[in-house]
Amino acid sequence: MLIVGELINTSRKAIKPAVESRDAAFIKDMAQRQVDAGADYVDVNCGTMVFNEEETMAWLVETVQSQVSAPLCLDSPNAKALEMGLSLVKNGQPMINSITAEKERFATILPFVLKYKAKIVGLCMDDSGMPETAADRLKIADKLVGDMVTAGVPEDDIYLDPLVKPVSTGDKAGLEVLETIYSIKQKYPKVHGICGLSNISYGLPNRKILNQVFMIQTMTMGMDGYILDPLDKTMMGFVYASQALLGKDEFCMKYLTAHRNGLYE
């Protein structure tokens, strides 16, 4: 299970002013708290800083790395900002979020994946837009995996995102994602899955409940990576409990550690 802490993102109200004012202490504390809470990777996303994203990405990468040794997941639609961040990475294997099967995006991002030997999040999306069905998603997954592996990307470094859509806009939206995860895992057992969860509950009340239940459902289908808020103790508690119940936590050691750390109080 790979957890990417999502909180250092300038689209968040608390983060943007801290980044604009170059409040390094705030950013360092946010990075440390996420790692302490169980994040394997720390996401760095300054995509809203459109006028100085490259400079901001460099500052964020250096600031976070000066505090924690966890590797970084760099998230940006801006190729120059991504490469700026990747060139400064010091801790472990970086992750890039994201590549798609869109011709231009694929051609732009693949060289970074190979140059920096990065893990890569592949969105199940192509030039025709967002897929509707599990079958459509699987076709795109086939192309992404095939093209990346042919180029030299190890399957173990590929994390496919099935693209979660709100169940409020279509009652089969959750089911299509679950079927996609299962199909990908059956066809490509070495390839990983990853997703954010909040889209599933968009437009509905009690969003946290839907997000938590959907995480458990996706994990049962084979999902083994999430981009989430690791400071959400209930969510992290469900991660460890589900892993134990699925036989992926030897002797329940991570679950027991979480219990001793007060996660279930």
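Considering the stretch 123-141, and only residues there that are free of Cβ contacts under 8 Å to residues at least 24 places away in the same chain and in a helix (DSSP H, G or I), the residue that is most open to solvent (accessible area, probe 1.4 Å) turns out to be 139.
In summary, residue 257 fulfils each of the numbered conditions (1) more than 21 Å from residue 36 (Cα to Cα); (2) β-branched (Val, Ile, Thr); (3) open to solvent by 20 Å² or more (accessible area, probe 1.4 Å) with the single exception of condition (1).
When the criteria are applied in full, residue 147 fails the requirement of being modelled with pLDDT of 95 or more, surrounded by fewer than 15 Cβ atoms within 10 Å (Cβ to Cβ) and farther than 28 Å from residue 13 by Cα.
Applying the set (1) among the hydroxyl-bearing types (Ser, Thr, Tyr); (2) under 17 Å from residue 24 (Cα atoms); (3) in contact (Cβ under 8 Å) with a residue 40 or more places away in the chain to residue 98 leaves exactly one unmet item: (2). Mind checking which pairs have a first residue in the stretch 204-231 that is open to solvent by 10 Å² or more (accessible area, probe 1.4 Å) and a second that is among the basic types (Lys, Arg) and assigned to a loop (DSSP other than H, G, I, E, B), Cβ under 9 Å, 6 or more apart or different chains? Close Cβ pairs (under 9 Å, with a partner that is among the basic types (Lys, Arg) and assigned to a loop (DSSP other than H, G, I, E, B)) amount to 224/248.
Taken over the stretch 77-92, the residue count meeting the criterion of being over 24 Å from residue 128 (Cβ atoms), in contact with a helix residue (DSSP H, G or I) (Cβ under 8 Å, 6 or more places away or on another chain) and either in contact (Cβ under 8 Å) with a residue 60 or more places away in the chain or assigned to a loop (DSSP other than H, G, I, E, B) (or both) is 3.
Of the residues making up the stretch 75-109, those that are more than 22 Å from residue 65 (Cα to Cα) and crowded, with 18+ Cβ neighbours inside 10 Å are 99, 100, 101, 105, 106, 109. Filtering 10, 63 for residues that are over 14 Å from the mean Cα position of the chain (by Cα), open to solvent by less than 40 Å² (accessible area, probe 1.4 Å), among the hydroxyl-bearing types (Ser, Thr, Tyr) and within 22 Å of residue 194 (Cα to Cα) leaves a single hit, 10. Given the criteria touching a helix residue (DSSP H, G or I) at 6+ places or on another chain (Cβ under 6 Å) and either under 30 Å from residue 172 (Cβ atoms) or assigned to a loop (DSSP other than H, G, I, E, B) (or both), does residue 120 qualify? Judged against the criteria, residue 120 is a match. What's the number of the only condition in (1) surrounded by fewer than 24 Cβ atoms within 10 Å (Cβ to Cβ); (2) in a helix (DSSP H, G or I) that residue 69 fails to meet? Answer for residue 69: the failing condition is (2). Applying the criterion of being free of Cβ contacts under 8 Å to residues at least 40 places away in the same chain and hydroxyl-bearing (Ser, Thr, Tyr) to the residues of the stretch 162-203, the residue that is most open to solvent (accessible area, probe 1.4 Å) is 202.
The set of residues in the stretch 33-46 that are buried (at least 24 other Cβ atoms within 10 Å of the Cβ) and part of a loop (DSSP other than H, G, I, E, B) comprises 39, 46.
Quick check on the stretch 47-56. Is at least one of its residues open to solvent by 30 Å² or more (accessible area, probe 1.4 Å) and either assigned to a helix (DSSP H, G or I) or of a type in the set (Gly, Ala, Ser) (or both)? Among the residues of the stretch 47-56, at least one is open to solvent by 30 Å² or more (accessible area, probe 1.4 Å) and either assigned to a helix (DSSP H, G or I) or of a type in the set (Gly, Ala, Ser) (or both), which makes the answer yes.
The values are calculated or read from the model by the stated rules, or taken from the named source; none is laboratory data. Model, not experiment: these values are computed from the prediction. FYI the Cβ positions are ideal-geometry reconstructions off the backbone, even for glycines, and counts take in every protein chain you see. Areas reflect the complete protein model, heavy atoms only, side chains present, ligands, DNA and RNA absent. Shrake-Rupley method; radii C 1.70, N 1.55, O 1.52, S 1.80 Å.
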